[in-house]
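Heads up: the structure comes next, in structure tokens.
The values are calculated or read from the model by the stated rules, or taken from the named source; none is laboratory data. Just so we're clear, the structure is a prediction, and the values are computed from it rather than from any experiment. Positions of Cβ are backbone-derived with ideal geometry, glycine not excepted, and every protein chain shown enters the neighbour counts. Surface accessibility is based on the protein's heavy atoms, side chains included, excluding ligands, DNA and RNA. Shrake-Rupley method; radii C 1.70, N 1.55, O 1.52, S 1.80 Å.
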Amino acid sequence: MGSHRAELRLRATGGYGAFAWAHVEWRLPGIAVDARMLRLHAAAGGDGSGEEEEREELPLHVTSIDSESVTLLFEPPARPVPRLHLYYLPFVRTACETGPSRACSTPYKLSSADDKCAADFGARVGDSVCCGQTGTLGDASAKCPARAPTCTGYVAGAAWGQCIADARAVQTGARVYLTLARTERDSFYPMEVASLRASGRTLMALRGEFFTFQIGAYAPQTSLALHLRGRRTGGVIGAARLRCINLPSGSAAARDGLHVAVGAVLPLWIGVDVPSDAPADSYRGTVLVSAAWAESGASDESVAVELAVGEDRAVEAGDGEPWRHSRLRWLDSTAGAEEEEAPEQPQPAEECDAGEDGCVQLQRREDAVVLIAPGQGQIALSAHGLPASLKVGSAELLASPVELRLRDGKHDLKLLPLEPRLVAERGPGGSVSWRLLARAHSASATALHVRLSGSFANDGLAEMAAELHVSRRLSPSGSSVNLSDVRLELPLLEAMVPLINGFDVKGGSRPAEVRWRWDKAQSTQDHAQRGLNCRVWLGSAAAGLQLNLQGGGEAAAAVASSCGNDEDGRLQCGDVSDAQFNAALGSREWYNSNRGGATVLPDTTGDHPPAVRLSVHTGELPPLRPGERLRLHWRLLLTPVRGAGGPVRADFATRYFHMQRHIDLGEALDTSPTRPWIILHQGNPLIPYINYPFIDLQPLRRYVRDAHAAGAKVKLYYTVRELSSRAVELWALRALGSEVLISSRGKAAGHAWLREHLRANYTAAWHEVLTDGEVDAAVQTPAFTSRWDNYWIEGILWLVRNIGIDGIYLDGAPYERTLYPYLDSIWFGEQCEYRTFSPPMWLAEGLVHGMTCRIYPDPWKCNPRPLWAALDAMGMLRPRLLGWWDPACPVSLLAPTVEYGHGGGRGPAAVASVFIGDGAAGSPPRFAVAVANWADHPVEVRIRANYSALAALGLRSERKLRLRAREIDGFQSEAHWALGDAIRLEEKGGGVDQGLLLSIL
């Protein structure tokens, strides 16, 4: 029927020719209602909660309708009924499928009667053909009073404050009108004129609770800039324990105030951190709101607050009862942040823990400062503050030192250090930071200073910047400095960077030349949006380097911008280069109005081995005036971030049962002889609401408990990027503007509930039709750029403590480097066109080698059980992997050369990798070869072996080696070959025998 209805009570009964009159007031701003179909039903009984079934539908006639109210005539039922239900926003429920928001349009039902029908309706009251049609009719002979509308269906009673408002209810001469509401029931509908109630009620709180309430600020005359502070009038709960969620400490809102437009209501969400040892008593205070007026300075308005604290104590500040909204304090949590403060004096290297999770080692040498991360990434900084060496383990990447080149017309400016040496010191979290101040040596730029700075973290990431500044003291005439270009150049050893990914080049073999521009029409779908392709990786499986031109503040600024996605997923924004919600947004300084760009070209300069030069340039910069600063920021990430130089192992022992629809625990356990990791996907009845697994937790708690008792582990789908509209905190997040809910410049989209309640300034995301027929409609949230990340981290901790989960499944997030060191497994490459990839593409794109499907979404459509059984029989639980790309791989293939297609170039039709399994105690290791055909036609290959290399790895054999293919259902047929025999591989994508897993006997 829809998400809204009004309940009518009619004492009279009717008969043929009789009619009744009703006037219903509502608040539907921004929703066109003149052509909307209305449906009136006689309730069949029940308690009025909306759960009862509807009886007959009654004919009605609308005499007037607008966003404030409706007046209608209808034929009363012939027999008494307890209630009548008027559904005033009915929509087509069947027009919704699981998928993106465009798959769930749920259009409204519109009146279909024509003018002739309306005229007939005036003569014959009760003609059902004209149900919902507007028109005119004479005076009513009976009236029925209307009760306030109630919210039913999609979120019954979740936020009823929006349903009872009246734009004419607030009559005040004040420039700002404040009112108080308790969170439990009176949640203000943000951005609208809500039913502002008188303040002065006593609020009930628990000891130790983070107690939340709201103050509604209404600006009836002019726009406001609000500042909030507390004033204690008694008791012992100090004003310092009062917090406004809308005003995070240190934010622009805290500094400049909150803007309230004319005629708008802004709910201020207030939290009081009640001490756990507070005596049971009443505490009184005043919340002051300072409203700034352009014409007359500022004015204070106040709301008196009385908080009655009872004897009972809250558990975890009330977090176990979502309705309390105590979790709003999670937005300002520092969980997961580095707690270590940087010492005043540099620490010597011997005080550093060099373990896997330790700090960066700092070594001072005569000509360099050497920094070594626990994962074996290493930077040697020259006296000029830039890397002279970049290593991963023992593998050197640089052919010569990194250079920063500033050009003044046709000449490079020479930079002279103004400080005696590079300053390097310990930073938070075991990192090391450094800085160096230099001055340009040029007649035309004597006032130009350059401060080079950076930090190196224990995951191998270097954050670096060059800040250009024109000194007023050295430029008394006020002359500007004109730079024709600034270039960052990294000469890389050619042999160390055979692969590339980024700068509009699909992952694969590095082409001879790469020339990239910010606004160039992108050729790959993955990098189709300007500003998202501002990074490149060059290297190999053993060692590599990512250069990232991500801006320092663009992503955070974009969260508060008006950029967002429309219902088709397209980014709608005024200037993508300057503002955008995605965390990967490029730097506007390097972009420089599209004058900037990058190249990867052969390096023929200098006396060094063959090299390629990765160069980034700004192009001609705007004049830099005295006092102005220009900061060019970049990141260097050494890969791999951990385990460099050590053996690579494939984890075939960890088995995943990825469950979307609910399957009994017993069936999940039976999927593998070893107890699986069970992943509960969103939409599953145990966690139906996407990224909000906090509602009705008892079934989930029992499931996790029983899984643990059986020896299994459980992960939950819990990520950022989108959020269920069932989230209790939705209205509080709505009051934060676009900080957490991403705005859209497109039309309001998605399920009817979103269009009716959020109405605007949101971006519809995934919609899931649940097993009970209801719809979980989500909205987009930023990924790793807002305070919602703090809530998400606290949510993980709470789920671990209170539910006992063993991990999370992080879906579709833009993985930033801060996450990579903490991932224990990855299912990477969703929606990749695997059949179009060449072997180098597969390697450079970072796709997983050896990953099986995860029984998702159909437990039999994806069936890795036969492959698991074969791996168990072959002793390949956690084998060492020597890939086809590794010079140490002891086998190779004789295979024809083919064109890979899709830009993959030419190469061997098949490649082979070796797995070395740990043998039983006292037994030699076991060997297996994986071969795969990358051609679109069948090929014959022959496997060759390096016997001495195999012997060195532990293979013991006094006879000629043989190969065995075990029968694996859906994967390969049973067969045997002598080493060197011709082996037929079916075409890529052809199904069985396109690849083989062979035991070496």
Discussion item. Name the single residue that is modelled with the lowest pLDDT among those in segment 62-92 being in a strand (DSSP E or B) and in contact with a Gly (Cβ under 6 Å, 6 or more places away or on another chain).
Written reply: Phe91
Worksheet item: Which members of segment 976-998 meet the condition of being open to solvent by less than 30 Å² (accessible area, probe 1.4 Å) and closer than 20 Å to Met874 by Cβ?
Response: Ala978, Leu979, Ile983, Leu985, Gly995, Leu996, Leu997, Leu998
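If you go through segment 934-962, how many residues are within 16 Å of Val891 (Cβ to Cβ) and in a strand (DSSP E or B)? Before you say what the answer is, go through the steps one by one.
If we filter segment 934-962 for residues that are within 16 Å of Val891 (Cβ to Cβ), which is where we start, we get 941-955, 957, 960-962.
Now drop any that are not in a strand (DSSP E or B), which leaves 941-945, 962.
Of the residues in that region, 6 qualify.
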Item to complete: Please determine, by comparing only the residues of segment 70-80 that are in contact (Cβ under 8 Å) with a residue 60 or more places away in the chain and open to solvent by less than 20 Å² (accessible area, probe 1.4 Å), which one is farthest from His41 (Cα to Cα).
Response: Leu73
Practice prompt. Collect the residues in segment 387-417 that are under 18 Å from Arg435 (Cα atoms) and touching a Lys or Arg at 6+ places or on another chain (Cβ under 9 Å), keeping them in residue-number order.
Written response: Glu403, Leu404, Arg405, Leu415, Leu416, Pro417
Worksheet item: Given the structure, is Ile663 among the aliphatic types (A, V, I, L, M), within 30 Å of Glu97 (Cβ to Cβ) and open to solvent by less than 20 Å² (accessible area, probe 1.4 Å)?
Response: no
Worksheet item: Among (1) at pLDDT 75 or above; (2) within 30 Å of Ala748 (Cα to Cα), where does Tyr108 come up short?
Response: (1)
Worksheet item: Within segment 411-437, can you find the residues that are in contact (Cβ under 8 Å) with a residue 24 or more places away in the chain, open to solvent by 30 Å² or more (accessible area, probe 1.4 Å) and over 34 Å from the mean Cα position of the chain (by Cα)?
Response: His411, Lys414, Leu415, Leu416, Pro417, Leu418, Arg421
Practice prompt. All but one of (1) open to solvent by 10 Å² or more (accessible area, probe 1.4 Å); (2) closer than 18 Å to Ala949 by Cβ; (3) in contact (Cβ under 8 Å) with a residue 40 or more places away in the chain hold for Tyr900, so report the exception by its number.
Written response: (2)
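With respect to Ile695, determine if the residue is assigned by the TED database to the domain that holds Gly812 and within 16 Å of Arg726 (Cβ to Cβ).
Answer is yes for this residue.
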Fill in: Selection from segment 687-719 of residues that are of a type in the set (D, E, K, R) and more than 25 Å from the chain's Cα centre (by Cα)
Arg701, Arg702, Arg705, Asp706
Worksheet item: Is there a residue in segment 438-457 that is open to solvent by 20 Å² or more (accessible area, probe 1.4 Å), under 27 Å from Ala373 (Cβ atoms) and touching a Pro at 6+ places or on another chain (Cβ under 7 Å)?
Response: no
Discussion item. If I go through segment 317-363 residue by residue, how many of them are among the hydrophobic types (A, V, I, L, M, F, W, C) and either at pLDDT 90 or above or in contact with a Cys (Cβ under 9 Å, 6 or more places away or on another chain) (or both)?
Written reply: 8
Worksheet entry | Number of the condition not met by Val612 [criteria: (1) among the β-branched types (Val, Ile, Thr); (2) touching a helix residue (DSSP H, G or I) at 6+ places or on another chain (Cβ under 8 Å); (3) open to solvent by 40 Å² or more (accessible area, probe 1.4 Å)] | (3)
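Give the residue that is nearest to the chain's Cα centre (by Cα), with candidates limited to residues of segment 951-965 that are small (Gly, Ala, Ser) and open to solvent by less than 50 Å² (accessible area, probe 1.4 Å).
Initial filter on segment 951-965 (small (Gly, Ala, Ser)): 951-952, 954, 957, 965.
Right, trim to open to solvent by less than 50 Å² (accessible area, probe 1.4 Å) and you get 954, 965.
Numbers: Gly954: 46, Ala965: 43 Å.
Once the filter is applied, the top-ranked residue is Ala965.
Here is a check on your reading of the model: is Ala32 at pLDDT 60 or above, outside the structural domain of Trp766 (by the TED database), part of a loop (DSSP other than H, G, I, E, B) and closer than 30 Å to Thr763 by Cβ?
It is true that Ala32 is at pLDDT 60 or above, outside the structural domain of Trp766 (by the TED database), part of a loop (DSSP other than H, G, I, E, B) and closer than 30 Å to Thr763 by Cβ.
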Worksheet item: Do we have any residue at all in segment 935-945 that's open to solvent by 30 Å² or more (accessible area, probe 1.4 Å), free of Cβ contacts under 8 Å to residues at least 12 places away in the same chain and either more than 16 Å from Gly875 (Cβ to Cβ) or of a type in the set (S, T, N, Q) (or both)?
Response: no
Worksheet item: Among the residues of segment 721-760, which ones are modelled with pLDDT of 85 or more and of a type in the set (Asp, Glu)?
Response: Glu722, Glu729
